[in-house]
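J.: Dropping the structure in here first, questions after.
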Amino acid sequence: MLTSSPKSEPLLRIEGLTKTYSQGRWWEKRFEAKALDGVDLALQTGKTLALVGRSGSGKTTLAMCVAMLEKPDSGKLWFDGCDLSSLSMSERAMLRPRIQLVFQDSAAALPARFTAAEIIEEPIVIQHHHLGSANIAKIKDRSALVRELMAKVGLPPGWANRRPRQFSGGERQRLAIARALALQPSLLILDEPFTGLDLSVRGQIVNLLLALQADLSLTYLYISHDLDLVQHFSDTVAVMDRGKIVEQASVTDLFRSPMRAETYPLLRQALSACRCAHSHG
Amino acid sequence: MRYLAVHFLQGALLFLVVSLLSFTFLELAPGDFFQEMRLNPQISPNTVARLRAQYAIDRPLPVRYGHWLASALRGDLGFSFAYGSPVTPLLLVRARNTLLLTGTATLLAWAWALPLGAFCAARPGGWLDRACSMMTTTLLAIPELLLGLCFLLVGVRTGWFPAGGMVSARFEDFNRWQQVTDLLWHLVLPVVVLVLGSLPILLRHVRAALLEVLDSPFIRAAFGHGISRRRILFRHALPAAINPLVSLFGFSLGALLSGSLLAEVIMSWPGLGPLLLEAVLARDIYVVVGAVTFSTIFLVAGMALGDLLLFASDPRIRSEALI
Amino acid sequence: MRLTRAWTLPLVSLAVIHLVVLLAGFFSPYDPTIQDRTAPNCPPTRIHWISADGRLGWRPFVYGLAGNGFAEPMQAQPCAEDQQTPYPVHFLVRGASYNILGAMTSDRHWLGVPAPARIYLMGTDNYGRDVFSRLLYGGQISLFAGLLATVLSLTLGVLLGTLAGFYGGWSDAMIMRGVELFVALPWLYLLLALRAFLPLHTGPRQTFLLLIAVIGLLGWARPARLVRGVVLSTKERSHLLAARCFGASDLYLLRRHVLPETRSVVLTQAALLIPQYVLAEVTLSFLGLGVSEPVPSWGSMLATLQQYHVLVSDWWMFFPGLVLVLVFLSYSALSNAMQEDTAKAGIGSNAFS
């Protein structure tokens, strides 16, 4: 957890986060599910924290809370020193560009009717709606930015007018990453981004992400349900089970000597997957 | 039992809403029966004023609605100014006539749609299917209005069928048997119009439902067992496809009162439709409100009956309800 | 939506019908309200190409009608032809002036014959009015009432369906109860009753707007339910969440992500509703509750067929019905083409949609 980082203050700090989902009308018996049950986490700038756990352990809920798409019931979230729960709506809106999300299923996360260029520039367009006419970027500037981003993620700029269904899985994920980078975020949450991609493509995307991290000094929160790629792609690992963080250690420490019982089956699964070289998803 | 309770509540709510809305709108509309009457130069204004006072037209709206509701729940739906008689018996007689017409038409339509649809679905693309499809498309494009007029023309030109009405002029003089045949003779044209109007849609639904079922593995298994095609079609496939058809049947039942207005007007059949039309044109308030509420309730009751039939016929729904 | 052959035929026929009806002034030889009491109930004027001495000519011609003073009225039927003088049919003639869409005026008509002959392409009614002209002007009322009522219904339906689907909760519950109520009502009865509750004797323009309002307001329920379904399924997709991440407001999401998905539902509903609403107007006019005389409407023209002598002898009064059937066939072909398109799109799609 503690590495030699230039900044002593973590970019993201979570303390005691809880969130419960309940279903049912007021006259019916309520069905409650505790998604987050007191989560503590810290993420250093420029590093990658992998959040691992089985399906249903609360990983996606945590991602939603960090991205400010859901409101936690209790607990504190600090981003770059700001307490998110104490911010007003407009201040939170100002902070949004700095935290971005790359979704699991790129086919659903990219609107099918938009062209690639429209997808990438959508964040900028939305932000300018917010900021009003004072800061409207010209169309020429926008298309220049789009081309630059496409080049950065390794997509030929000539494809700017294609639609998502004309891209392969890996290319779509690159498109999603380009879109996430449009607002120059500091923190990128990657929610199982390699699902459905075959092994060689995964490798390419991992390399791309690592290159971008070095280039743009990004911080990654990488969510996964298996420890497969974690070795290659993170500095610290946090294991989550039933809404709590049960183990948090550096990658090397975790793989050498995991401490908690919940980690074992995940580890076994990851190691066997490495041997069989099957794709997950 | 929950089904019944829910539908009863729904029906009651609908009754209140529709009757209240009708009342309010009629109140807001300019002109009433007596104003129309005043336009008639043969009736003196004194008579009009006396009639107005007699029927308490000038009391405030909530009072009148309250009175109407109270008496409606007792079965008395008000008074018809145009006919000079209570509304309820008038409605009942007309409703009986309408039901005679629509009941026959609905039965015939379903009796034709089920086997025809089944045979069409059994050989999709075959000559019967294509012929039925063409007939359906053509019939759907011809509105009931035109169908009624065309058949009226046929009746008048050929003289084989009466040009409208329910009974002949000398109906009372006939003996029982002659009365029945006379009624049937008058029934033919309107029933044909109604059947031709509803058959296309029913046929399409039956065919679609059966097509879906005939694709199932259990039908193919039945084939493999050597069961005859006809038996499979009617004893195995049709019961499995009954689900959407029962709901449709419920809807047919509900539309028994309200679906034949045009045909009745064109063929001069003395049913609920022409009564409503006359009342609307003459602003005969209580008849309008009574007829509209009555047919709305009928519609809800029909759909409730359809749901009940579904419950009774589909064991899956029964077992689900028990959970 | 590619323009395959399945689309072109119905679209073209509908376009032609609507264009002709819109330019009713140009295409109708006479004013629809002018009565010609000397030639009532006349069959369509026979157009001749072969002259009396057996020569085939280029220009068609008609004969004058006895009723118009060409022959002794006592000796002949008013609608009999007087074969003495042929009157040639001219095109693009000058006639009574009319205005187009209330903006331009003109007095050119598609065809005409020199006075005092008359050309009644579809005969006359019992007041001696030209049925063809009345058909075209009546089409303006019937067809456009249907179109405008559909626009009203669909707008209401999309608005309420989107509200119910996107925001859920109380608004959804209330709107859905409303939908169940409106779907359960007997359509024609309610139309009648609603029309009754409104003033019976108003000017034609008010009646026209009233008809549109009444027909359109009754039919919002089914489109609303379908739109709500689409909105519900679109609401949870990740690309909406992603847009929220970029700070999108609800209005932006609705405009850019949700409403475009409803387009196909709205179009299919339009193809289904327009003919139904045209029929609704025709029915109301038929029953005497539509636009009042002397403005023609297809319904009121068909209503004359309820009279015995008209029904039996004046077959040309059925023409409005024929045009109605044509309109219906076109719309039904259009909706079939749409259904085939969506079916094909469904087969071709995979995990992307």
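J.: Normalised by the residues of the stretch B:90-221, what does the relative contact order come to in percent, with Cα pairs under 8 Å and at least six apart?
T.: 42 percent
J.: So if I take the alpha carbon set of chain C, get Rg, then get Rh from the Kirkwood formula, what is the Rg over Rh ratio?
T.: A ratio of 1.09.
J.: For B:L183 and B:A208, what is the calculated FRET efficiency with R₀ set at 41 Å and r taken between the beta-carbons, to the nearest 0.05?
T.: 0.70
J.: Residue by residue, what Karplus-based ³J(HN,Hα) values in Hz, rounded to whole numbers, does the stretch A:177-194 have, using 6.51, -1.76 and 1.60 with θ = phi - 60° and x for Gly and Pro?
T.: Each residue of the stretch A:177-194 in turn: 5, 4, 4, 5, 7, 4, 9, 6, x, 9, 10, 10, 9, 10, 8, 6, x, 9 Hz.
J.: Where in chain C is the longest stretch that carries no trypsin sites (Lys or Arg not before Pro) classed as loop by DSSP and with at most 12 other Cβ atoms within 10 Å?
T.: C:56-353
J.: Among A:G46, B:V246, C:L154, flag the residue with its Cα farthest along the positive direction of the charge dipole of the protein assembly as shown, charges on Cβ as +1 for Lys/Arg and -1 for Asp/Glu.
T.: Checked the options; the winner is A:G46.
J.: In Å and from the alpha-carbon atoms only, list the Rg and Dmax of the stretch B:102-166.
T.: 15.1, 42
J.: Please list, in chain and number order, the residues 5+ apart from C:H109 or on another chain whose amide H is under 5 Å from its amide H, with Hs placed from the backbone.
T.: Those qualifying (amide H under 5 Å, at least 5 residues apart or on another chain) are C:V93, C:R94, C:G95.
J.: Along the charge dipole of the protein assembly as shown, Cβ charges K/R +1 and D/E -1, which of B:P162, C:S233, C:G25 sits furthest on the positive end?
T.: Looking along the dipole axis, the top candidate is C:S233.
J.: A further question follows. What ³J(HN,Hα) values, in whole Hz, does the Karplus curve 6.51 cos²θ - 1.76 cosθ + 1.60 give for the stretch B:223-235 when θ = phi - 60°, with x put for Gly and Pro?
T.: Each residue of the stretch B:223-235 in turn: 4, x, 6, x, 6, 5, 4, 5, 5, 4, 4, 8, 9 Hz.
J.: Taking the Cα centre of the protein assembly as shown as the origin and placing charges on Cβ (Lys, Arg +1; Asp, Glu -1), which of C:V183, B:A263, C:S335 is farthest toward the positive end of the dipole?
T.: C:S335
J.: Based on alpha-carbon centroids, what's the gap between the stretch B:253-323 and the stretch B:183-249 in Å, whole number please?
T.: The stretch B:253-323 and the stretch B:183-249 have Cα centres separated by 23 Å.
J.: Under a Cβ-only charge scheme (Lys and Arg +1, Asp and Glu -1), can you give me the dipole magnitude of the protein assembly as shown about the Cα centre, in debye to the nearest 20?
T.: Dipole size: approximately 1320 debye.
J.: How much mean residue ellipticity at 222 nm does chain B get from its helices, if each DSSP H run of length 4 or more adds -39500 (n - 2.57) and you divide by all residues, to the nearest 500 deg cm²/dmol?
T.: Counting only the DSSP helices, I get -24500 deg cm²/dmol.
J.: Considering amide H positions built from the backbone, and no H for Pro or chain starts, which residues 5 or more places from A:L101, or on another chain, come under 5 Å of its amide H?
T.: Those qualifying (amide H under 5 Å, at least 5 residues apart or on another chain) are A:I189.
J.: Right, something else. Using only Cα atoms, find the angle between the long axis of helix C:221-235 and the longest principal axis of chain C, and express it within 0 to 90 degrees, rounded to the nearest 10.
T.: Helix C:221-235 sits roughly 40 degrees off the main axis of chain C.
J.: So what's the angle, to the nearest 10 degrees on a 0 to 90 scale, between helix C:187-196 and the longest Cα principal axis of chain C?
T.: The two axes meet at around 70 degrees.
J.: Let me ask something additional. Roughly what angle does helix B:285-313 make with the longest principal axis of chain B, taking Cα atoms, 0 to 90 degrees, to the nearest 10?
T.: 20 degrees
J.: Under 4.7 Å Cβ to Cβ, no partner at all: give me those cysteines from chain C, in residue order.
T.: C:C245
Any read-out appearing in this document is the output of simple, stated calculations on the displayed coordinates, not a laboratory observation. Since this is a predicted model, take the numbers as computed values, not measurements. Here Cβ is always computed from backbone atoms with ideal geometry, including for glycine, and neighbour counts include all displayed protein chains.
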